[in-house]
1. Just to check your reading of the model, which residue among Gln112, Gln133 is under 20 Å from the mean Cα position of the chain (by Cα) and either more than 12 Å from the ligand (Cβ to nearest atom) or surrounded by fewer than 17 Cβ atoms within 10 Å (Cβ to Cβ) (or both)?
2. Does Asn94 satisfy being among the polar types (S, T, N, Q) and open to solvent by less than 20 Å² (accessible area, probe 1.4 Å)?
3. Out of all the residues in region 31-49, which are out of contact with any Ser or Thr (no Cβ under 7 Å at 6 or more places or on another chain), open to solvent by less than 70 Å² (accessible area, probe 1.4 Å) and within 10 Å of the ligand (Cβ to nearest atom)?
4. What do you reckon, is Tyr192 more than 10 Å from the ligand (Cβ to nearest atom) and under 25 Å from Ile107 (Cα atoms)?
5. Would you call Asp87 touching a helix residue (DSSP H, G or I) at 6+ places or on another chain (Cβ under 7 Å), surrounded by fewer than 21 Cβ atoms within 10 Å (Cβ to Cβ), in a loop (DSSP other than H, G, I, E, B) and of a type outside the set (A, V, I, L, M)?
6. Scan region 60-87 and report the pairs whose first residue is more than 16 Å from Ile48 (Cβ to Cβ) and whose second residue is more than 16 Å from the ligand (Cβ to nearest atom) and part of a loop (DSSP other than H, G, I, E, B), with Cβ atoms within less than 8 Å and a gap of 6+ or a chain change.
7. I need a count of the residues in region 7-30 that are more than 9 Å from the ligand (Cβ to nearest atom), open to solvent by 10 Å² or more (accessible area, probe 1.4 Å) and on the phi < 0 side of the Ramachandran plot.
8. Output yes when any residue across region 237-260 is buried (at least 20 other Cβ atoms within 10 Å of the Cβ), in contact with an Asp or Glu (Cβ under 7 Å, 6 or more places away or on another chain) and under 24 Å from Gln26 (Cβ atoms), and no when none is.
Amino acid sequence: MGKFYLRGKNVLITGASSGIGKELSQCFAQEGSNLFLGCHPSEKDILIKWANELQDRYAVKTVTFPIDLSEEKGPENLYQRVKRSVDRIDVLVNNAGILLYGNFHEISLDRQELLVRLNLVAYFKLMRLFLPQMVEAKVGRILNVVSAAAFQPTAHHATYGASKAFVQSLSEAVNQEIKGTGVKVFTLNPSYTNTPILKGGGFPDRIWWYKISGLSDPAAIARKGIKAMKREKEVYIPGRINWFVHSVLIRFVPRRLTNFISYWGLRARS
Ligand SMILES: NC(=O)c1ccc[n+]([C@@H]2O[C@H](COP(=O)([O-])OP(=O)(O)OC[C@H]3O[C@@H](n4cnc5c(N)ncnc54)[C@H](OP(=O)(O)O)[C@@H]3O)[C@@H](O)[C@H]2O)c1
């Protein structure tokens, strides 16, 4: 299989109006990719402004899709609208997500169901919808923005961690199934990153775990994520300490202890 170049490729990014998704869109524009950008309908004007900026700055094509992916047919709707706008998507970046902080039994069922629809079902559906054409063409990439939360239970945001664990397992298994087809599935697994997701959903200003993980810069996460994808790194945890904790240490610490440490580390700190 030949090398995969990003120049001239059609890249679809969900949640491109802020945070890591916005920074990823800038990185892909710098690479010369055409951008198909999704956002929540409430962010429509912000995304259109950002898309125009990228178009002017990098001379790439941009198209925006303000669609609520947590709606029952949101992912199907996005797929249909993208198909009407372009022949094929070469790179799918699943990124849109939310985080809810608090005890599982206290956060409303409706809000948690919305999280599952967005963080889990939308990723799963968009992968399933876009993958067949990539496999048939024998070329394509899926980059799932997951989280370091995928590798262990995350008390205080249990449903969030569980949604990320689902996507991690799915991504790795599908990537194995399609080996040799020219298509690959990658995961980007940042630890806590300074974006609006940590400002809502009841997330505390600071948690104890920041003392270990720090708080990453979304632009750096996006840059490193694209670099890792270009180097064909299938699972990428940015930052040496984060990589050590979530990829090495976790294999030697009993799961019950990991869960306990996570419970203490993810508590609010004043
Ligand atoms: N920040 C972290 O600490 C961190 C760490 C690891 C992984 N991640 C993951 O990185 C991804 C991006 O998050 P972020 O940190 O960059 O947060 P963010 O800035 O809040 O970005 C989330 C994006 O998803 C969009 N979105 C939210 N609800 C949506 C909906 N119903 N339909 C369509 N789009 C919707 C948001 O649009 P609106 O602005 O309109 O809501 C926004 O563009 C998420 O999957 C997150 O789990 C984040």
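1. Numbers: Gln133 fails: under 20 Å from the mean Cα position of the chain (by Cα).
After ruling out the rest, the residue left standing is Gln112.
2. So Asn94 fits the description; yes.
3. Across region 31-49, the qualifying residue is only Pro41.
4. On the way: more than 10 Å from the ligand (Cβ to nearest atom): no; under 25 Å from Ile107 (Cα atoms): yes.
So Tyr192 fails the test.
5. Working: touching a helix residue (DSSP H, G or I) at 6+ places or on another chain (Cβ under 7 Å): no; surrounded by fewer than 21 Cβ atoms within 10 Å (Cβ to Cβ): yes; in a loop (DSSP other than H, G, I, E, B): yes; of a type outside the set (A, V, I, L, M): yes.
Taking the combined requirement at face value, the residue does not satisfy it.
6. Val82/Ile89
7. Looking only at that region, the number is 6.
8. Taking every residue of region 237-260 in turn, none turns out to be buried (at least 20 other Cβ atoms within 10 Å of the Cβ), in contact with an Asp or Glu (Cβ under 7 Å, 6 or more places away or on another chain) and under 24 Å from Gln26 (Cβ atoms).
The values are calculated or read from the model by the stated rules, or taken from the named source; none is laboratory data. In this text the structure is predicted, and so the values were computed from the model without any measurement. As a convention, Cβ positions derive from the backbone with ideal geometry for all residues, glycine included, and neighbour counts pool all protein chains shown. Accessible surface areas use protein heavy atoms only, side chains included; no ligands, DNA or RNA. Shrake-Rupley method; radii C 1.70, N 1.55, O 1.52, S 1.80 Å.
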